[in-house]
């Protein structure tokens, strides 16, 4: 267990991830330049402001929170390439069909049990809710099995208690599935279209999940009221919230929304860290549908991650909800080895399009090159 002093020291080192423009500057050995010619590094060293501006254009710390950072390719020589080809064939033509069969069997078992339980036990709410919780945990376990999920859980298993809320960092919608297979959480989540939305409005509402629409301002008041009512219930499933409000690439944590920390209840931090050895579990919903994301996971070797249930936290005297949220974010970031950045994740939905940003990057690069050629 880390002491408060250690947590404070560690978190201060992660507070700001500065633009890494050095990665984009040519090294001395990469090009040969005539003596006396102005170099890009010299131009940017003239002004710290210019360096910061160039860094923001080339590779800003906000955009990096939502990039999928693929591992370095390993099939780069004649010895390894045949092994890589064999792996592709094995994953797509042997593992993937077997995983589809596993998931299909899981859905058959789930639906053949859930529909009768949900329909025939309406007069026995306590028994019906208990069975529905078990069935939701079961189908989530089948999902994890369909990715060959290797998940290590650390800490005590969550229990049903009033006035407590669980908060976790957010990488993909599979975070919910991985946590749900151990404990039937009631989660607050963005309403999705398609088959995911159908599951939300039918099956997942049976465990008390709460949905919101980010584009509807009036939803905030309704959701806030539902949250307060839920945490007061003694028989309700534990409430799970992803306070970042959006998926981040498991290298960073963005600002936590304060809603979960204004409920006047105990906050239980949950840290999730994925190992990218076989697949990157980050879901970029702007570039990939959830169906394609699942297909990517089901055609990988395995999904490997660690989950830590950390020590519950309460609001300290004189501490604001924002300070409480930052303290919990510190704890999660340190445990999962994530970098803190001072950004609101909702900016992801209002920032310039990638094409616009790329045009600006290209324009900046061309202007600098012209300047260098003139010298």
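Rule-based calculations on the coordinates, nothing more; no lab input. Here the structure is a predicted model, which is why all the values come from computation and not from measurement. Here the Cβ is made from the backbone with ideal geometry for all residues, glycine too, and neighbour counts use every protein chain on show.
Key figures
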quantity	calculated
FRET efficiency, residue 201 to residue 288 (Cβ-Cβ, R0 22 Å, nearest 0.05)	0.45
Over 23 Å [Cα-Cα, segment 247-375], rounded percent	54
Label-zone membership for segment 238-253, site residue 130, 7 angstrom Cα→C-beta point, backbone N under 18 Å	238
Residues in segment 240-274 reached by a label modelled at residue 322 [backbone nitrogen below 17 Å; 7 Å Cα→Cβ]	244, 254-263
Segment 80-349: radius of gyration over Cα atoms, expressed as a fraction of 2.2 N^0.38 Å	1.03
FRET E, pair residue 120, residue 221, Förster distance 25 Å, beta-carbon r, rounded to 0.05	0.10
Where a label projected 7 Å from the Cα of residue 98 along Cα→Cβ would reach, residues of segment 138-157 with amide N under 18 Å	142-151
Nearest-0.05 FRET efficiency for residue 145 and residue 232, computed from C-beta distance (R0 41 Å)	0.70
Mean separation of Cα contacts under 8 Å (6+ apart) over length of segment 228-291, as relative contact order %	27
Segment 173-257: radius of gyration and largest Cα-Cα distance (Dmax), Å	13.1, 36
